[in-house]
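Here's the structure, in structure tokens; my notes come after.
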Amino acid sequence: MRANDVLLTAFTQLRANKFRAFFTLLGIMVSVAFLVAVIAIINGMNVYVSEQVAGSLIGKDVFQVRRGPISLGLIDDEALRKIQKRPRITLTDAAVLQQELPEAAAISLQSGWPTPLADVEWRNRTVGSATVFGVTADFQRVQDYRFESGNPLTDLDVRERRRVVVIGNDIAKNLFDGVDPIGQEIRLKGQLFSVVGVVAPKGRVLGQSFDGFILMPISAFESLYGRRLTTTISVKMADPAALPAAMGKAQEAMRLAHRLRPGEADDFSIETADALVDFWKKLTKTLFSIIPAVVAIGIVVGGVVIMNIMLMSVTERTREIGIRMAVGASRGDIRKQFLAESVAVSALGGVLGLALGALLAWLVSALSPLPARVTPWSITVALALGASVGVLFGVYPAARAARLDPIDALRSE
């Protein structure tokens, strides 16, 4: 029996039993669609974090010197206790880096981790949960802030502990509502601060606004919140290609400043935006480890359904099998026929699942900022799963059909 005849007969049977075929391939279709859509969404989120989130938090031309790594959430308790014993990053450390990296475009010190949230008051209005940062003047250059009105913080503001603030666009709109914020006095933790600048909108990432912040001189911040919060040094280079060499010089300078002996581990972390991307990818690995289990359950259920339906088909078509054998079909032909039908059902489920998964990924991409992308390897896996399930769960029904005695099969009604 020729291969094209086998396939033609298989698809003829599918057309003849459309309703049964649909429910037969439903399990495969849903499992494959879930696999394709989730992989597309995760890949889209990885791209989004790399291009948008990481770039917004840490510029591509910036590296940071921190007390601990960005990936603190993935560190075991013992390592976390060691990090908590590290010395704080201080203004002295920032001064050392400024001396060692004269080529840097800007070097800033930022305090505020865990980041304080505060209610901001002006007259009879209040904005809750504003993020408060204590910074040196260069922080505004490191973050590439553009100012909608007013002026940035200055080195003089830091030296003299002036009670002045720069506010994000959300704070300006929600608190002042049409009134010019420049020169107005707001209240934080019972203390008055004068607004000297308003930062132009930075936008939102995954629904999280980047404009709900308040910047104040780090000296005033420490007077308000104390000096126990972790600080971070950010170094902005004029050319991103200069980052590796600058990071090496920064590491050497920090080791000398902290009086670390050769062979002694660093008591600080130096990271770029790539560290944030790597941290995110480690988190998504957990999701990737769950996906195979969920998909496997759906595939097995779909495969069992296919096997049961094919066994039912063998019983219903016993007389047909007898007639085929009587006119010359071999047991191998019968086996190939039923195996082809099983593979056709599962492969069709894989194709439909692939289309459904791609549609879901497109909807996510269209309705959200995530650039969900269907990858070639997920397409290959989807189609391979569809075909392999048909083979694995179609072997037994096909073998059972081939073992039928032609005489008994012809007598069947």
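The values are calculated or read from the model by the stated rules, or taken from the named source; none is laboratory data. Keep in mind that this is a model prediction, so the values were computed, not measured. Cβ coordinates were reconstructed from backbone atoms using ideal geometry, including for glycine residues, and neighbour counts include every protein chain displayed.
Residue by residue through region 360-377, note down the ones that are assigned to a helix (DSSP H, G or I) and either loosely packed, with under 14 Cβ neighbours inside 10 Å or in contact with a Gly (Cβ under 8 Å, 6 or more places away or on another chain) (or both). Scanning region 360-377 gives ALA361, LEU363, VAL364, SER365, ALA366, LEU367, PRO376, TRP377.
Whether any residue in region 338-358 is assigned to a helix (DSSP H, G or I), in the same structural domain as ILE41 (by TED's automatic domain parsing), surrounded by 20 or more Cβ atoms within 10 Å (Cβ to Cβ) and among the charged types (D, E, K, R) is what I want to check. Checking region 338-358: at least one residue is assigned to a helix (DSSP H, G or I), in the same structural domain as ILE41 (by TED's automatic domain parsing), surrounded by 20 or more Cβ atoms within 10 Å (Cβ to Cβ) and among the charged types (D, E, K, R). Would it be correct to say that PHE210 is under 20 Å from THR115 (Cα atoms) and modelled with pLDDT of 90 or more? No, not satisfied. The strands (runs of 3 or more DSSP E) located wholly in region 100-187 that include 2 or more residues which are modelled with pLDDT under 90 occupy 106-111, 117-122, 125-135.
ALA242 - would you say it is without any contact (Cβ under 8 Å) to a residue 24 or more places away in the chain, surrounded by fewer than 19 Cβ atoms within 10 Å (Cβ to Cβ) and aliphatic (A, V, I, L, M)? Quick ask: steps written out before the conclusion?
Details: without any contact (Cβ under 8 Å) to a residue 24 or more places away in the chain: no; surrounded by fewer than 19 Cβ atoms within 10 Å (Cβ to Cβ): yes; aliphatic (A, V, I, L, M): yes.
So ALA242 does not fit the description; no.
Scanning region 105-125 for residues that are surrounded by fewer than 20 Cβ atoms within 10 Å (Cβ to Cβ) and in contact with a helix residue (DSSP H, G or I) (Cβ under 8 Å, 6 or more places away or on another chain) turns up ALA105, PRO116, TRP122, ARG125. If only residues of region 43-66 that are touching a strand residue (DSSP E or B) at 6+ places or on another chain (Cβ under 7 Å) and closer than 16 Å to ILE270 by Cα are counted, the one that is modelled with the lowest pLDDT is ILE58. Please tell me if ALA273 is modelled with pLDDT under 85 and not assigned by TED's automatic domain parsing to the domain that holds VAL132. In short, yes. Looking at region 132-147, which of the residues that are surrounded by fewer than 24 Cβ atoms within 10 Å (Cβ to Cβ) and in contact with a Leu (Cβ under 6 Å, 6 or more places away or on another chain) is nearest to LYS236 (Cα to Cα)? So, considering only residues that are surrounded by fewer than 24 Cβ atoms within 10 Å (Cβ to Cβ) and in contact with a Leu (Cβ under 6 Å, 6 or more places away or on another chain), the one nearest to LYS236 (Cα to Cα) is ALA137.
Taken over region 318-329, the criterion of being touching a residue at least 24 places away in the same chain (Cβ under 8 Å) and not in a helix (DSSP H, G or I) is satisfied by ALA329 alone.
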